[in-house]
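Chemist: Have a look at this one before I ask anything.
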Amino acid sequence: MKINEIQFDHKIEIPYEIFKNLNSKTFKRYKANEVVYRQGEMAENFFFLKEGRVQIFVNSPDGMEKIITFYSSGEVFGEASFFDGYPRISSAKAVRNSEIIAINKQDIISLFKNDPLIAFKFIELLSKKVRMLSREINNISFLSAEQRIARYLLNHDKDSKGTLKCTHEDIGKAVGASRITVNRILNKFSENGWIETGYRNITLLDTESLMDHSG
């Protein structure tokens, strides 16, 4: 399975020492759908998401977009290219109004210099992320389209009524399925009484059945 067919949405809590330092820095406000960085750019910063939600995605040479993962408040993102020095392999954009802190090389050097133990905490954070991604790749390689869509519905942001804002195209990009396949599977879930579909939204009615079906 190609990496651009995989969506991850599991939060890794960062150590308090790192959170305390990063959360106190000056943030920039991003509006919904505003790009944070673009695929192919050199990485002068990585980012701490103080508040909001960010989508990571890739674009193929033929213009197709695939969602890789989402990050929520309290997480760091964009650090891989920052540390390895190579161009970014993905893009990031805010999916709702967000407050984001950019961390540059001098920031991280000063942070590690003032408290060397934080460097080990940061390595621990990155190691957990690599382990989680590796585990998810192994798991999702064996999941059917129905299972991937069930996971998407369960993991996506929802309001107090269990409703998530998305289109069939959004789901297809996230799970690596055609719009026809997404439509067929959502109709099946609806007939089973697990979900209720509306215009650009889906309400979960039976999360237990979706969880059982998600693998």
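Chemist: Where in the range 31-109 are the strands (runs of 3 or more DSSP E), entirely inside, with at least 3 residues that are over 27 Å from residue 172 (Cβ atoms) and in contact (Cβ under 8 Å) with a residue 12 or more places away in the chain?
Modeler: Passing ranges, in order: 46-51, 98-103.
Chemist: Let me ask you something else. Have a look at 56, 18 and point out the one that is at pLDDT 75 or above, among the β-branched types (Val, Ile, Thr) and more than 18 Å from the chain's Cα centre (by Cα).
Modeler: Testing whether each residue is at pLDDT 75 or above, among the β-branched types (Val, Ile, Thr) and more than 18 Å from the chain's Cα centre (by Cα) leaves just 18.
Chemist: Assuming residue 189 fulfils every condition listed in (1) hydrophobic (A, V, I, L, M, F, W, C); (2) within 23 Å of residue 72 (Cβ to Cβ); (3) open to solvent by less than 50 Å² (accessible area, probe 1.4 Å); (4) assigned to a helix (DSSP H, G or I) apart from one, which condition is it?
Modeler: Failed condition: (2).
Chemist: Further question: Can you tell me which residue in the range 110-123 is surrounded by the fewest Cβ atoms within 10 Å (Cβ to Cβ), limited to those that are part of a helix (DSSP H, G or I) and among the charged types (D, E, K, R)?
Modeler: It comes out as 113.
Chemist: Among the residues of the range 27-53, how many are at positive phi and under 15 Å from the mean Cα position of the chain (by Cα)?
Modeler: 2
Chemist: Pairs needed: first member in the range 157-173, crowded, with 17+ Cβ neighbours inside 10 Å; second member anywhere, of a type outside the set (A, V, I, L, M) and not in a strand (DSSP E or B); C-beta distance under 6 Å; at least 6 residues apart or different chains.
Modeler: From residues that are crowded, with 17+ Cβ neighbours inside 10 Å, the pairs are 164/156; 164/158; 168/179; 168/183; 171/152; 172/179.
The values are calculated or read from the model by the stated rules, or taken from the named source; none is laboratory data. This is a predicted model, so every value here is computed, not measured. Ideal geometry is used to build each Cβ from the backbone, glycine not excepted, and the neighbour counts take in all protein chains shown. Accessible surface areas use protein heavy atoms only, side chains included; no ligands, DNA or RNA. Shrake-Rupley method; radii C 1.70, N 1.55, O 1.52, S 1.80 Å.
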